[in-house]
Amino acid sequence: MEEEVQDDTGGVTTSFPWSTFSFDDLIHSSDKFVQVDRFSAAQFSKVDLFNLIWKHEQNGIPIIISDLNLGDTWDDHLLSPEWLLQNIPEIKITARDVSTREDTEMTFREYIEYARSATSDVGDDGGA
């Protein structure tokens, strides 16, 4: 089944063969793509999960970890905006303005402050 897809070339419409699309084929089509290991946190003890993450980090290898929130010991505050502001407020991030497609470097604190001010301008119906 082909689906019409709008591209970024100023309105040119092309057909994309979704029925034959394969992420594996895409990954193997270029050396710019790499497959990333995916693990469920439910598979590991805390110590083993930490060691797995540490090993990947030390080798510069990306990793995807799912199901962190499923354990009984998950702290709901962990990785919340408040936790991040307390622990990494001055880390530099790159934020993209999706309207202008421009990137801006800012601290995490600046980003959270901006995001909170932007969302406070939106009413309950989703409009301004």
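The values are calculated or read from the model by the stated rules, or taken from the named source; none is laboratory data. Please read all numbers here as calculations on a predicted model, not as lab measurements. Here the Cβ positions follow ideal geometry from the backbone for every residue, glycine too, while neighbour counts run over all protein chains shown. Areas reflect the complete protein model, heavy atoms only, side chains present, ligands, DNA and RNA absent. Shrake-Rupley method; radii C 1.70, N 1.55, O 1.52, S 1.80 Å.
Observations on the model:
- Accessible surface of Ser45, taken over heavy atoms with a 1.4 Å probe and every protein chain present, rounds to 60 Å².
- Lys/Arg +1, Asp/Glu -1 at C-beta; segment 43-103 dipole; positive extreme among Leu49, Ile61, Thr100: Ile61
- For segment 16-125, the relative contact order comes to 16 percent (Cα pairs under 8 Å, sequence separation of at least 6).
- Bridgeable lysines around Lys92 (alpha carbons under 26 Å apart, same-chain partners fewer than 8 residues away excluded): Lys32, Lys55.
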